[in-house]
Amino acid sequence: MSAGPGGVRVVGPGGSFVGTETHGYLAPRRRAREVRVGSLVLGGSHPVRVQSMTKGDTGAVQATFDEIVGLEAAGCELVRVSVPTVREAKALGEIKRRIKIPLVADIHFSAPLALEAIAQGVDKVRINPGNIGTRDEVEKVVRAARDRGVAMRIGVNSGSIRERKALEVKDRSEDMVELCVREALRHVEIFESLRFHDFLISIKAHTVPLTVAANRLLARSCDYPIHLGVTHAGSSEPATVKSAAAFGILLAEGIGDTIRVSITGDNRQEVRVGHVLLQALGLREPTFDVYACPSCGRAEVDLIGLTKKVEEATKGLTYPCRVAVMGCIVNGPGEAAEADVSVSAGKGAGFIYRGTKMIKKVREDEIVAALRAEIDAWIAERRAAEGAASGA
Ligand code: SF4
């Protein structure tokens, strides 16, 4: 671990990245209390972490293990599993022993299941204050977590509050904001009365405005780390857009210590989208990235086809290098000036650039190979320069 400009360079699950307190043009990070969850520390100036949840039967240990390994390979940094009955709770110990990333048990409706999860050695227990039970039951869970050094999350869900308070709230969203935060703080008070502080809080809703407003108010009301999520966000496209909108606003204001992009679909995609989102905001170091112009009537090439071929030819590259694929030589080079390596298409030809410097002109059928060769050369030079700088 070595200090980086404006923050701490961290090497951990999901790759290396910089956790900064000041995010360039964004608001400074809210300074949350630090909470340990297994091998990770959340909050403070630690990087915003990407989490996901398994979709299979938690009680099927091998299948759950395989699913978690897939999530971890995609960059998942902590994983939550649902615990609907005692059968799944009893499987947690073995799952925990076999996986590398911290394990979070998701508990609804049953304090005894939370107690069993804690006994099984999970790293964190998420409870839903809307349905977990009486104060007495909550206190039992908190005492057990405190005594075992297990973290918790108070996971408020606007849906379960709306259901319970339907008669009181009608449909005024400002009331829901206050209700959600009050529900979270009611549990904060219980946790603190037992001298327990190792917990995060989340307030999830299925609309972006409510998610944003509730988390803003929550952030002002306490110093506990905040997990961000939008519930029931839908399939890939709407879920990605809603999460990007909600998380983008909040993270730009310095709010949020972990995120989960909920997608009705492949959970590895949740993780990938989470990382792209953090990279787009400058909260993670970029990795290898191919971008392209949208194409228009000036394009001299089938840009969609060319971009797909470039993506295919560069699959597996991870070194942070920005590659641009542009459809014309009129605007392409200017628009791609911030790319490390780019190609702008001409009539039956491609012009390969490094930044604003034209390197060579190749035939259209040579573009992909020539671009890849230039990318390889650029990365090799960067690596050599880094090696020389570190005295290796
Ligand atoms: S770079 Fe050229 S082809 Fe691409 S969108 Fe701009 S003008 Fe159109």
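Computed from the coordinates by the stated procedures, all read-outs in this text should not be read as laboratory data. For clarity, every value in this text was computed on a predicted model and none was experimentally measured. We place every Cβ from the backbone using ideal geometry, glycine too, and count neighbours over all the protein chains shown.
Only counting other Cβ atoms within 10 Å, I'd like Ser243, Ser82, Ser390 sorted with the fewest neighbours first. Spell out each step's value before the answer.
Working: Ser243 25, Ser82 16, Ser390 7.
Ordered from fewest to most neighbouring Cβ atoms within 10 Å, Ser243, Ser82, Ser390 come out as Ser390, Ser82, Ser243.
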- Rh (Kirkwood, all Cα-Cα pairs) for segment 193-342, Å, reads 17.7 Å
- Item | Karplus-derived HN-Hα couplings along segment 31-43 (A = 6.51, B = -1.76, C = 1.60, θ = phi - 60°), whole Hz, x at Gly and Pro | 8, 8, 4, 7, 10, 7, 10, x, 7, 9, 10, 10, x
- Message: Pick from Glu300, Glu183, Glu381 the residue whose mean-square fluctuation is largest in a GNM of the chain, springs joining Cα atoms under 10 Å.
- Response: Glu381
- Query: Within straight cross-link reach of Lys55, meaning Cα distance under 29 Å, which lysines are found once same-chain residues fewer than 8 apart are removed?
  - Reply: Lys90, Lys96, Lys100, Lys124, Lys140, Lys204, Lys242, Lys315
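With charges set only on the Cβ (+1 for Lys and Arg, -1 for Asp and Glu), what does the dipole of segment 3-280 come to about its Cα centre, in debye to the nearest 20?
Working: 38 positive and 32 negative charges, 69 e Å.
Rounded to the nearest 20 debye, it is 340 debye.
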- Message: Just want the ordering: Arg36, Arg49, Arg87, from fewest to most Cβ atoms lying within 10 Å of their own Cβ.
- Response: Arg87, Arg36, Arg49
- Message: On C-alpha positions alone, give me the angle between the axis of helix 158-169 and the longest principal axis of the chain, in degrees, nearest 10.
- Response: 50 degrees
- Query: For segment 34-79 and segment 293-320, what is the separation of their C-alpha centers, rounded to whole Å?
  - Reply: 32 Å
- For the chain, modelled as a Gaussian network with Cα springs under 10 Å, which listed residue fluctuates most, Asp289, Asp266, Asp302? Asp302
- Once both axes come from the Cα atoms, what is the angle between helix 303-313 and the longest principal axis of the chain, in degrees from 0 to 90, rounded to 10? 70 degrees
- Query: If you count, for each residue, the other Cβ atoms within 10 Å and average over each peptide, how do 116-128, 227-239 line up from highest to lowest?
  - Reply: 116-128, 227-239
- Given 4 °C, 1.567 mPa s and a Kirkwood radius over Cα pairs, the Stokes-Einstein diffusion coefficient of the chain in µm²/s is 57 µm²/s
- Message: Tell me the angle of helix 173-193 to the major Cα principal axis of the chain, expressed in degrees between 0 and 90 and rounded to the nearest ten.
- Response: 60 degrees
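Please list the equivalent ellipsoid semi-axes of segment 289-389, computed as the square roots of five times the alpha-carbon gyration tensor eigenvalues, in descending order and whole angstrom. Working shown, then result.
Numbers: eigenvalues 104, 36, 28 Å².
In descending order the semi-axes read 23, 13, 12 Å.
Could you tell me what percent of the DSSP beta bridges with both partners in the chain are antiparallel, to the nearest 5?
Numbers: 23 of 59 bridges.
If I count the DSSP bridges inside the chain, around 40 percent turn out antiparallel.
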- Message: Using only the alpha-carbon atoms of segment 178-254 as identical scatterers, what base-10 log of I(q)/I(0) does the Debye formula give at q = 0.11, 0.21, 0.24, 0.25 Å⁻¹?
- Response: -0.30, -0.90, -1.08, -1.13
- Residue of Phe351, Phe109, Phe65 that the Gaussian network model of the chain assigns the largest fluctuation, springs spanning Cα pairs under 10 Å: Phe351
